[in-house]
1. List the strands (runs of 3 or more DSSP E) that sit entirely inside the range 23-97 and contain at least 3 residues that are closer than 15 Å to Asp114 by Cβ and in contact (Cβ under 8 Å) with a residue 24 or more places away in the chain.
2. Considering only helices (runs of 4 or more DSSP H) fully contained in the range 138-243, which possess at least 1 residues that are closer than 25 Å to Asp114 by Cβ and modelled with pLDDT under 80?
3. Any chance you could count how many residues in the range 89-112 are closer than 19 Å to Gly49 by Cβ, among the small types (Gly, Ala, Ser) and touching a strand residue (DSSP E or B) at 6+ places or on another chain (Cβ under 6 Å)?
4. Can we say Thr56 is surrounded by fewer than 15 Cβ atoms within 10 Å (Cβ to Cβ) and either assigned by TED's automatic domain parsing to the domain that holds Glu42 or under 31 Å from the mean Cα position of the chain (by Cα) (or both)?
5. Can you give me the number of residues within the range 87-99 that are surrounded by 12 or more Cβ atoms within 10 Å (Cβ to Cβ) and of a type in the set (A, V, I, L, M)?
Amino acid sequence: MSTFSGTSIPINASSNAKFNAIVDELMTPRLMIFRQVNIRDEQAALLVGTTYWQTTFGNWLTANTPKVRKNGKPLAAADWAVVSAANGTFTAGTPTVGLDNRPRDSVEISYQFDYFPIAVLEGFIKAAISTANTAGVGAPTDYDIDTVPTSWYGVITDLAFAMCMERLIADYTMWQGRVIFALSPQAQEGEGGDVVSQLETLKHNAEERAYITLDNERFKTGFYVAPPTATYYMAVNGIGRNGTIGGRYRGMRRNRYV
């Protein structure tokens, strides 16, 4: 699969061309730091009763080949295999376990993963379209991804981006979210106000841009000329209310001089 230039982030990942246009051209440039997260030398966990090793994060970027070490030694490509990139599972030969069924091997892996895979971004974009349909001045609309006007793309992108920041803020309260930001153990015990504040700012800026547009009275109607009224039509055509023709001399009365 093709990737975003200079990265392992896939492009054209959706089966819908409009999703791809919004994600690849408008959202990924803003979310690049989160769509290619590097995890280095993570200690994998052996799943009970299997030969599968599990990482903390799934949604691996398949364009980037993970690096695996077992008991301190790098494994060749033939000695390990990906089971599920989406779930973050792989095999690394036959595990050695003790009498207590606990693994005696130490397996470490370096990989890249996408915090906002295409399925998640599609969901946020759908929600953004739904919000735009019911927001703004005028009657609600019923656009979907196939019918939404291209002039709405900016608003949709900002709303979906704000949802991404909401997810990051919510996930930050969980320990695995803090791993992404590479915080020290001391910082992980705190509230992480600086990180949350920065995410809140990004979210606020995106929402502000979106709602400035949504509050524009012309957002849904556009700059269309209103249809002529009956009075306007009669004025330009010279037709009086009683059906008489006036034209440019409308209202003129004959007298003895004319």
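1. Working: elements: 37-43, 52-54, 67-70, 81-84, 89-91.
Because the criterion is at least 3 residues that are closer than 15 Å to Asp114 by Cβ and in contact (Cβ under 8 Å) with a residue 24 or more places away in the chain, the strands (runs of 3 or more DSSP E) in the range 23-97 that meet it are 37-43.
2. Working: elements: 153-172, 175-180, 185-189, 193-214, 218-221, 230-237.
Output list reads 153-172, 175-180, 185-189, 193-214.
3. Residues of the range 89-112 that are closer than 19 Å to Gly49 by Cβ, as a first pass: 89-105, 107.
After this cut, where a residue has to be among the small types (Gly, Ala, Ser) as well, the list is 92-93, 98.
Narrowing the set further to residues that are touching a strand residue (DSSP E or B) at 6+ places or on another chain (Cβ under 6 Å) leaves 92.
Matching residues across the range 89-112 total 1.
4. Details: surrounded by fewer than 15 Cβ atoms within 10 Å (Cβ to Cβ): no; either assigned by TED's automatic domain parsing to the domain that holds Glu42 or under 31 Å from the mean Cα position of the chain (by Cα) (or both): yes.
Taking the combined requirement at face value, the residue does not satisfy it.
5. First, the residues of the range 87-99 that are surrounded by 12 or more Cβ atoms within 10 Å (Cβ to Cβ): 87-93, 95, 97.
Filter once more, so that each one left must be of a type in the set (A, V, I, L, M): 92, 97.
Looking only at that region, the number is 2.
The values are calculated or read from the model by the stated rules, or taken from the named source; none is laboratory data. Every value quoted in this text rests on a predicted model; they were computed, and no experiment measured them. All Cβ positions, even for glycine, are placed from backbone atoms using ideal geometry, and neighbour counts span all protein chains on display.
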